[in-house]
Structures are given as structure tokens and as C-alpha cells.
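The values are calculated or read from the model by the stated rules, or taken from the named source; none is laboratory data. Because the structure is predicted, anything quoted here is derived from the model rather than measured. Cβ placement follows ideal geometry from the backbone for every residue including glycine, while neighbour counts extend to all protein chains displayed. Side chains included, ligands, DNA and RNA excluded: accessible areas come from the protein's heavy atoms. Shrake-Rupley method; radii C 1.70, N 1.55, O 1.52, S 1.80 Å.
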Amino acid sequence: MILEGIVTSLSVLGELNVAPMGPVVDESLTWLHLRPFQTSQTFRNLQQRPHGVFHVVDDVLLLAKAAIGKLDSIPETFAAEKITGRVLSSACRWYEFEIESLDTTHDRTDIRARVVHVGRLRDFIGFNRAKHAVLEAAILATRLHVLPRDEIDRQLAALRSPVEKTAGPNELAAFQLVCDHVAEFLASALSNP
């Protein structure tokens, strides 16, 4: 199954990268199958330092900001326990991992990682319909370059209804942030065909 969350990784200079990612996981969460694009900072970090931290989070505003590259500041973190890495202080659970194999023969790298430590900070509150919609909108925002405009418009319109019906302030802010990002992308695409 694919589990959406956030991966933190460190560059060789120790700079933290925070990226949303949906690895394939086994039900016991003992391994992760990550597929970052080779153009991503996550790929470069994991290639140079073969370990990171996968986080289960319920903060869709953080997920949305990370997905569209609009993190104003690095979220609060603390040191991982078994690897050289950083754990998001706002996470529900975290999974420290070490890379066992890394295949770069395709555009999306095939990374197999073994979980070496699991931590828990708090209960997962859960996702209401708005949180699910924001998550889907954030994923959509990472695929704008490959989708036709009418498909983007159709998907955003469908996601707007559950947000309007069930969102709290963070979900409303996250959805608006994603919609603004999409509008900027589409306006730029129209002016630079």
C-alpha cells in the first residue's frame, strides 16, 4: 500500500530537506519503497547519505507547503535516534530508515529502505474529508507539468466541495495555498507556451 507522509533527509553539508512522499510500505512498516525523481533534492541527499526519516503526519498545511515548495521556514525538529537525521517535532510517528538498494536506471529512482527505528510522538487525529481533499490537491499540484488544464480544473473543482463543507482554518489555508500555486502555474504556462 502507499502511505502518504513526509521524508526528511540531510545533504552532505547537513542541510535539512523536507519533502512529501508516498512510499509503498508493508503493513508492519518494516520497509519502504521510495521513488523520488532524480532531479529532486531528496534523491541527491539519499544518494549521498543513505538514510532518512519517514513521518506520518496529520498537518495538511505542512504537507501542502512542502509539496509546492513554499515552506517559509524549516519546521521544528530533533535528532533521530539510530541514524544521522532529523525528526519533525509535529509528526505523529516517525520511521528512521537505511537504504538497502538504489536503482537509478529510470527517471524515478527505485529505492528500497529498511526501517531501523520507529518512534511515536502523539496519536494520529485522523483525516476528515477536507484533509483528504487537501492531500489530493497537493499531489495534483506536483503533477501540473504532465496534466492537461481541463483535468487540473476538473480535479480542483471536485476537491473544493469537501473542503468548503468540512475544513478547519488549516485546511482552508492549505487548499487556498494550493489553488494559488495552480493558478500561478497555469498563468505562467499561458504566457509562455
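Key figures for this structure:
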| item | result |
| --- | --- |
| Contacts under 8 angstrom Cβ, first residue in the range 27-44 being at positive phi, partner not in a loop (DSSP other than H, G, I, E, B) and not acidic (Asp, Glu), 6 or more apart | LEU29/TYR95; LEU29/VAL115; LEU29/VAL118 |
| Hits in the range 15-26 (condition: farther than 15 Å from ASP110 by Cβ, assigned to a loop (DSSP other than H, G, I, E, B) and open to solvent by less than 40 Å² (accessible area, probe 1.4 Å)) | ASP26 |
| Selected residue (criterion: nearest to the chain's Cα centre (by Cα)) from residues of the range 87-111 that are of a type in the set (Val, Ile, Thr) and open to solvent by less than 10 Å² (accessible area, probe 1.4 Å) | VAL87 |
| The range 39-63: number of residues that are in a loop (DSSP other than H, G, I, E, B), farther than 16 Å from GLU4 by Cβ and either in contact with a Phe, Trp or Tyr (Cβ under 6 Å, 6 or more places away or on another chain) or at pLDDT 95 or above (or both) | 2 |
| All positions within the range 4-14 that are within 21 Å of ILE83 (Cα to Cα), surrounded by fewer than 20 Cβ atoms within 10 Å (Cβ to Cβ) and of a type outside the set (S, T, N, Q) | VAL12, LEU13, GLY14 |
| Selected residue (only one of LEU121, LEU61, LEU46, LEU10 is hydrophobic (A, V, I, L, M, F, W, C) and touching an Asp or Glu at 6+ places or on another chain (Cβ under 8 Å)) | LEU61 |
| Residue in the range 122-129 that is on the phi > 0 side of the Ramachandran plot and exposed (fewer than 15 other Cβ atoms within 10 Å of the Cβ) present | yes |
| Top-ranked residue of the range 27-69 - restricted to ones that are touching a Lys or Arg at 6+ places or on another chain (Cβ under 8 Å) and among the aromatic types (Phe, Trp, Tyr), ranked as most open to solvent (accessible area, probe 1.4 Å) | PHE37 |
| Residue check for ALA137: of a type in the set (Gly, Ala, Ser), within 19 Å of the chain's Cα centre (by Cα) and either more than 30 Å from PRO50 (Cβ to Cβ) or at pLDDT below 95 (or both) | yes |
| Index of the failed condition, ILE83 passing every other in (1) in contact (Cβ under 8 Å) with a residue 12 or more places away in the chain; (2) outside any loop (DSSP other than H, G, I, E, B) | (2) |
| Some residue of the range 130-142 being open to solvent by 70 Å² or more (accessible area, probe 1.4 Å) and closer than 16 Å to LEU3 by Cβ | yes |
